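Down below is the structure, laid out as structure tokens.
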Amino acid sequence: MFRWDLSDGAELRMLELRHAAAFLAFVAANRAYLGPWLEWAHTITTLEDAQMFIRRGIARYAEDGLPWVGLWQDDEMVGGILFFPLERPPRSTEIGYWLGERATGHGLMSRGVRAMLCLAFDDLQINRVALQAEVDNARSCALAERLGFSFEGVRRQSWVNQGRLVDMAGYAMLAEDWRRRQGYRQPK
Ligand SMILES: CC(C)(COP(=O)(O)OP(=O)(O)OC[C@H]1O[C@@H](n2cnc3c(N)ncnc32)[C@H](O)[C@@H]1OP(=O)(O)O)[C@@H](O)C(=O)NCCC(=O)NCCS
């Protein structure tokens, strides 16, 4: 099982079917907070829905090795991170994430996303990780900027959120950006 210790009692663990009840409880408790931005926060209402979501992550992992993880703080599920399907050959993907409201404001998701970028760029040789947030999603845009994603522009009306066409802020990080930020030297 994929696990990543973030220290201070925080940990990323690959989502497995045995986490479905915890995931359902997490979504139910945070529906009002996640709902404005994540469609699935409205549609996951039963254990079967939660299992179906997790199954999708497991299938994606089998296809391209990019895990869907839950974020645990002191053994309580407080959020998660997923990847969209890997596009080959550009070795490009997109990252998505969510936190329960009580877990926000402490840098927890910044640590989690940084760990997933480390996995993507350093272990899996991904070349580009995109990140899209609605232009009104200030906390998500702030996270992208905090982590050093480059802003690539607004894709107007490129997403539908609860029947509304919305503008998406597009960000991305390339492997070369990541390496530069990590202070890697190019071999001579
Ligand atoms: C997007 C989301 C994950 C951002 O959560 P967040 O708590 O702002 O992000 P982080 O966990 O990285 O924490 C950053 C906050 O902690 C603070 N912080 C404290 N210690 C920190 C540290 N060591 N490192 C970074 N930030 C720290 C930052 O100042 C920031 O707070 P501020 O916004 O009040 O200035 C969250 O708002 C969310 O899940 N929203 C709903 C779902 C969603 O929108 N998902 C994304 C769809 S595109």
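The values are calculated or read from the model by the stated rules, or taken from the named source; none is laboratory data. Just so it is clear, the model here is predicted, and its values are computed rather than measured. Neighbour counts run over all protein chains shown; Cβ positions are idealised from the backbone, glycine included.
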Qualifying residue in segment 20-35 (condition: more than 16 Å from the ligand (Cβ to nearest atom), surrounded by 13 or more Cβ atoms within 10 Å (Cβ to Cβ) and more than 20 Å from Arg102 (Cα to Cα)):
yes
Residue check, Leu124 touching a residue at least 40 places away in the same chain (Cβ under 8 Å) and closer than 23 Å to Trp72 by Cα:
no
Could you check segment 36-62 and list, in sequence order, the residues that are touching a helix residue (DSSP H, G or I) at 6+ places or on another chain (Cβ under 6 Å), within 16 Å of the ligand (Cβ to nearest atom) and in a helix (DSSP H, G or I)?
Ala41
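Residues are listed down the side, and each one gets a yes or a no for (1) among the aromatic types (Phe, Trp, Tyr); (2) farther than 22 Å from Ala10 by Cα; (3) at pLDDT 95 or above; (4) touching a His at 6+ places or on another chain (Cβ under 6 Å):
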residue: Phe26; (1), (2), (3), (4): yes, no, yes, no
residue: Trp40; (1), (2), (3), (4): yes, yes, yes, no
residue: Thr45; (1), (2), (3), (4): no, yes, yes, no
residue: Arg60; (1), (2), (3), (4): no, yes, yes, no
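Given the criterion surrounded by 14 or more Cβ atoms within 10 Å (Cβ to Cβ) and in contact with a Gly (Cβ under 9 Å, 6 or more places away or on another chain), identify the matching residue among Ile58, Ile95, Ile81.
On the way: Ile58 fails: in contact with a Gly (Cβ under 9 Å, 6 or more places away or on another chain); Ile95 fails: in contact with a Gly (Cβ under 9 Å, 6 or more places away or on another chain).
The conditions single out Ile81.
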Checking the condition within 13 Å of the ligand (Cβ to nearest atom), aliphatic (A, V, I, L, M) and surrounded by 14 or more Cβ atoms within 10 Å (Cβ to Cβ), which residue from Leu131, Leu119 passes?
Leu131
